[in-house]
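**Student:** Okay, handing you the structure first.
The values are calculated or read from the model by the stated rules, or taken from the named source; none is laboratory data. Nothing here was measured: the structure is a model prediction, and the numbers come from that model. Every residue, glycine among them, receives a Cβ derived from its backbone with ideal geometry; neighbour counts consider all protein chains shown. Surface areas here come from the heavy atoms of the whole protein model, side chains and all, with no ligands, DNA or RNA. Shrake-Rupley method; radii C 1.70, N 1.55, O 1.52, S 1.80 Å.
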Amino acid sequence: MSVKVKGLKEIQAKLQKIERIGKQGDSGMMTEVKDEAIDVLLKRTASGRDVGGAPFKPYTDKYAKKKRSSFVNLFLSGKMLGSIKGKATAKQAVIAVEGDQKIYDIALVHNEGGKSGRGAGFKMPKREFFGIRLEAEIKRLRDVMEKWIRKLL
């Protein structure tokens, strides 16, 4: 008895495409992952939450008056968050604070805490915003990759 199976060539071709993505990567997929990661980071920060989902430490009364808001979202002029950019290759997506050294230093002290201000006389609390750790956020990035793979099937 023999059994004839149809469609094996198509299945094999799709599996080879999936294998290629695993080995060589896909720049389109990684570009979309990069864009999604930046969106996740900026929306979470704008909502006043850190990488772990906790509210940011409050501003001092003096700074809240200068900002005209006590809501902590790390947005005053937009320069720091606006400098978050990314690059994608076939195998990776990289997100960074781009621009001049001053913007990078401001982002670093916000993210890690430390001395800040003229003469570095003010101790800035740590308000870690640069990263993705929450499972729901990681799932969004995984969903982007799975969408690209499903296109092949």
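**Student:** Efficiency by 1/(1 + (r/R0)^6): what FRET value for E135 and Y104, r their Cβ-Cβ distance, R0 = 25 Å, to the nearest 0.05?
**Tutor:** 0.30
**Student:** On C-alpha positions alone, give me the angle between the axis of helix 8-24 and the longest principal axis of the chain, in degrees, nearest 10.
**Tutor:** Helix 8-24 sits roughly 30 degrees off the main axis of the chain.
**Student:** Against the longest alpha carbon principal axis of the chain, how many degrees, from 0 to 90 and to the nearest 10, is the axis of helix 27-46 turned?
**Tutor:** Helix 27-46 sits roughly 30 degrees off the main axis of the chain.
**Student:** Could you work out the equivalent-ellipsoid semi-axes for the stretch 84-153, taking the square root of 5 times each eigenvalue of the Cα gyration tensor, largest first, in whole Å?
**Tutor:** With the √(5λ) rule applied to the stretch 84-153, the semi-axes are 35, 15, 5 Å.
**Student:** Now a separate question. Within 12 Å, Cβ to Cβ, of A88, how many net charges do the neighbouring residues add up to if Lys/Arg are +1 and Asp/Glu are -1?
**Tutor:** Taking every Cβ under 12 Å from that of A88, the sum is 0.
**Student:** Count the net charge of all other residues whose Cβ sits under 11 Å from the Cβ of L134, scoring Lys and Arg as +1 and Asp and Glu as -1. Display every interim value, and only then the final one.
**Tutor:** Numbers: positive: R44, R49, R133, K139, R140; negative: D50, E135, E137.
Net charge in that neighbourhood comes out at +2.
**Student:** To continue, here is another question. Leaving out ligands and nucleic acids, and using a 1.4 Å probe, what accessible area per residue does the chain come to in Å²?
**Tutor:** So the chain comes to 68 Å² accessible per residue, rounded to a whole number.
**Student:** Which entry in (1) 140; (2) 129; (3) 149 is this structure's computed volume of the Cα convex hull per residue in Å³?
**Tutor:** The listed entry that was calculated here is (2).
**Student:** Looking only at trypsin sites (Lys or Arg not before Pro) in DSSP loops with at most 15 other Cβ atoms within 10 Å, what is the longest site-free stretch of the chain?
**Tutor:** 7-67
**Student:** I've got another one for you. Determine how many Å³ per residue the convex hull of the Cα atoms of the stretch 1-85 encloses. The partial results should precede the final answer.
**Tutor:** Values: hull volume 12.8 nm³, N = 85.
Per residue, the Cα convex hull of the stretch 1-85 comes to 151 Å³.
**Student:** Given A90, T60, L74, which one lies farthest toward the positive end of the charge dipole of the stretch 55-121, if we put +1 on the Cβ of every Lys and Arg and -1 on the Cβ of every Asp and Glu?
**Tutor:** Among A90, T60, L74, the one farthest towards the positive end of the dipole of the stretch 55-121 is T60.
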